[in-house]
Amino acid sequence: MNQYRRTLPWCGLLIVVAFSLASFDSPRAANPLPSEEANEAPIRALYKQIVDAYNRGDAAGASALFTTDGALIAGDATRYVTPPEIERFLSQLHAKLPKGAQFIATVTDVRFASPDIAVLTSEGGWLFPGESAVSDKNQGIHTLVAVRQEGTWRAALFQRTRRPAPAPAAK
């Protein structure tokens, strides 16, 4: 009986380590399971709807995809809260960028904080007319926090963080 008392704490430790390793999911982003793809699909679709609406010049359509208290944090760290503020910002941004500029982004990860809260990250930026790729100065990392409310996914937060330009090559 005494020998079981000594091994019991070690069994508990092994179980904790096993669960920790099983939940570590860095390879998941590269090869999601079919059920994960199905769970991620509405989050990816929400992101695509926001980007597509903006690229069409439809600031109202893009901002309508946010929650009533949703926020957008621009690359310069300015914060806009509520769909009307977000719409105003997107309209102004669209008007000041060159005609034909497109927001291009590639989703890099989708994770769930709970069944009704997801975090999507992407990379990309502004592709200006005449460019074949997003320039280094226009690159950024984007985060979308999506929440499911009454069965519908909405953006609670979209944040763009500018990526610093690469350092000049040493001479």
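Taken together, the values in this text are just the output of simple stated rules run on the coordinates, not laboratory data. Bear in mind that the values here come from a model prediction, so they are computed numbers and not experimental data. Note: ideal-geometry Cβ built from the backbone for every residue, glycine included; neighbour counts use all protein chains shown.
If R0 equals 35 Å, the separation of the Cβ atoms of K137 and R111 corresponds to a calculated FRET efficiency of about 0.75. Counting other Cβ atoms within 10 Å as a rough exposure proxy, the listed residues L127, L93 run L93, L127 from fewest neighbours to most. From most to least packed by mean Cβ count within 10 Å, the peptides 140-148, 68-76 give 140-148, 68-76. Start at zero, step by 10 Å, and the Cα-Cα distances of the range 33-161 spread as 13, 45, 33, 9, 0 percent across the bins. Over the range 58-104, the ratio between the Cα radius of gyration and 2.2 N^0.38 Å evaluates to 1.12. With a Förster radius of 35 Å applied to the beta-carbon distance between S91 and A170, the computed FRET efficiency rounds to 0.20. For the range 33-161, the share of DSSP beta bridges that are antiparallel, to the nearest 5, is 90%.
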